[in-house]
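S.K.: Quick one: the structure is below, and I'll ask about it shortly.
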Amino acid sequence: MQEEVTNRTVNLAISTTKLTGRTIMKGLRMYLNHRSKVKAKKAAAKNEIPHGKQTVEQLVGQNQGVTSIPIANTELKGFERVAKKYGVDFAIRKDASVEPPRYTVFFKARDEAALLAAYKEYTAQTLSKQKRPSVRKTLNKLISRTASTPKKTREKHQERDL
């Protein structure tokens, strides 16, 4: 009996100048309204479907069919950025049994067209990065050019005529 009472104890703090039955009832109503709002938020969060990057279990739990494609392990953040741009729900799984590790992207079957567009954009970005000249190499070339050019020397002579 004592455990039931202690488990159901609530602390209610009311600031008032005169404590009456009405103020106690008003405080209890405010508390009950707060409790009902909290329960509604929890229920809404529980029923909410996650979007964007998520776990494979969450993705499979949506019962919409899951498809997968392998992806190179270079710059996964870039892929995540592009997938977020297209609004694709996806999950990335790392297969560490293979050397080097292989990554697989799981996504909903209904998101297939959007994911293919995102994948094309991601591969185009990675190819354009590979085609770009290296900034360090061009900087080293410019440094070697400037080092090979003769330095200008200025001689200052001050002459006085009388």
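S.K.: What residue, among those in segment 23-58 that are assigned to a helix (DSSP H, G or I) and within 17 Å of the chain's Cα centre (by Cα), is surrounded by the most Cβ atoms within 10 Å (Cβ to Cβ)?
M.R.: Restricting to residues being assigned to a helix (DSSP H, G or I) and within 17 Å of the chain's Cα centre (by Cα), the top hit is Val56.
S.K.: Based on this model, can you work out whether Arg136 counts as out of contact with any Pro (no Cβ under 6 Å at 6 or more places or on another chain), assigned to a helix (DSSP H, G or I), open to solvent by 100 Å² or more (accessible area, probe 1.4 Å) and touching a residue at least 12 places away in the same chain (Cβ under 8 Å)? Spell out how you get there, then give the answer.
M.R.: Values: out of contact with any Pro (no Cβ under 6 Å at 6 or more places or on another chain): yes; assigned to a helix (DSSP H, G or I): yes; open to solvent by 100 Å² or more (accessible area, probe 1.4 Å): yes; touching a residue at least 12 places away in the same chain (Cβ under 8 Å): no.
In short, no.
S.K.: Taking segment 141-162 only, how many residues are open to solvent by less than 100 Å² (accessible area, probe 1.4 Å) and either under 30 Å from Gly78 (Cβ atoms) or not polar (S, T, N, Q) (or both)? Please lay out each step first, then the result.
M.R.: Taking segment 141-162 and keeping what is open to solvent by less than 100 Å² (accessible area, probe 1.4 Å), we get 142-144, 146-149.
Imposing the further condition that a residue be either under 30 Å from Gly78 (Cβ atoms) or not polar (S, T, N, Q) (or both) reduces the set to 142-143, 147.
So the answer is 3.
S.K.: Separate question: Regarding Tyr122, is this residue surrounded by 11 or more Cβ atoms within 10 Å (Cβ to Cβ) and touching an Asp or Glu at 6+ places or on another chain (Cβ under 8 Å)?
M.R.: Values: surrounded by 11 or more Cβ atoms within 10 Å (Cβ to Cβ): yes; touching an Asp or Glu at 6+ places or on another chain (Cβ under 8 Å): no.
No, not satisfied.
S.K.: Condition test on Lys77, is it under 27 Å from Glu121 (Cα atoms) and open to solvent by 90 Å² or more (accessible area, probe 1.4 Å)?
M.R.: Yes: the conditions hold for Lys77.
S.K.: Residues being within 13 Å of the chain's Cα centre (by Cα) and either of a type in the set (D, E, K, R) or open to solvent by 70 Å² or more (accessible area, probe 1.4 Å) (or both): count how many of those fall in segment 80-109.
M.R.: The qualifying residues number 5.
S.K.: When segment 110-131 is examined, which residues are found to be modelled with pLDDT of 85 or more and among the small types (Gly, Ala, Ser)?
M.R.: Ala117, Ala124, Ser128
The values are calculated or read from the model by the stated rules, or taken from the named source; none is laboratory data. All values reported here derive from a predicted model rather than from experimental measurement. Every residue, glycine as well, gets a Cβ built from its backbone with ideal geometry; the counts of neighbours run over all protein chains shown. The accessibility values were calculated without ligands, DNA or RNA, using every heavy atom of the protein model including side chains. Shrake-Rupley method; radii C 1.70, N 1.55, O 1.52, S 1.80 Å.
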